[in-house]
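Data first, discussion second: the structure below is written as structure tokens.
Values quoted throughout were computed directly from the atomic coordinates according to the rules given, and no laboratory measurement underlies them. Since the structure is predicted, the reported quantities are computational estimates derived from the model, not experimental observations. In this analysis, Cβ positions are derived from the backbone assuming ideal geometry, glycine residues included, and neighbour counts consider all displayed protein chains.
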């Protein structure tokens, strides 16, 4: 029994020149606009960082940097403690 089977190789893919990397601006809304302040008193802006279930959104979905995500989480917890924001959504009570 002879092995005269030749392996067929697929041609290598030749990649064309890649697009040059584009420098992006800051994705964090607080880094982009330094005049924005995060405070527990501004409940409407804090609600943008909460899910419909009342949980704090993760950084990837909220679009904040690590530094400002920590500040947002702290201010949401302060607002909850002062009963400005509910701990749980109203429709589940």
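Residue separation of residue 9 and residue 77 scaled by 0.36 nm, minus their Cα-Cα distance, works out to 18.5 nm of gained length. In the chain, the longest principal axis of the Cα atoms and the axis of helix 66-81 are about 40 degrees apart. Separation between the residue 19 and residue 39 pseudo-spin-labels, each 7 Å from Cα along Cα→Cβ, expressed in nm? Label-label distance for residue 19 and residue 39, simple model: 4.1 nm. Shown for 22, 53: other C-beta atoms within 10 Å of each C-beta, ranked fewest to most, produce the order 22, 53. Only Cα pairs under 8 Å and 6+ residues apart enter the sum, and on that basis the relative contact order of segment 29-92 stands at 39 percent.
Per-residue ellipticity at 222 nm computed for the chain from its helices equals -8000 deg cm²/dmol, with DSSP H segments shorter than 4 residues left out and the rest contributing -39,500 (n - 2.57).
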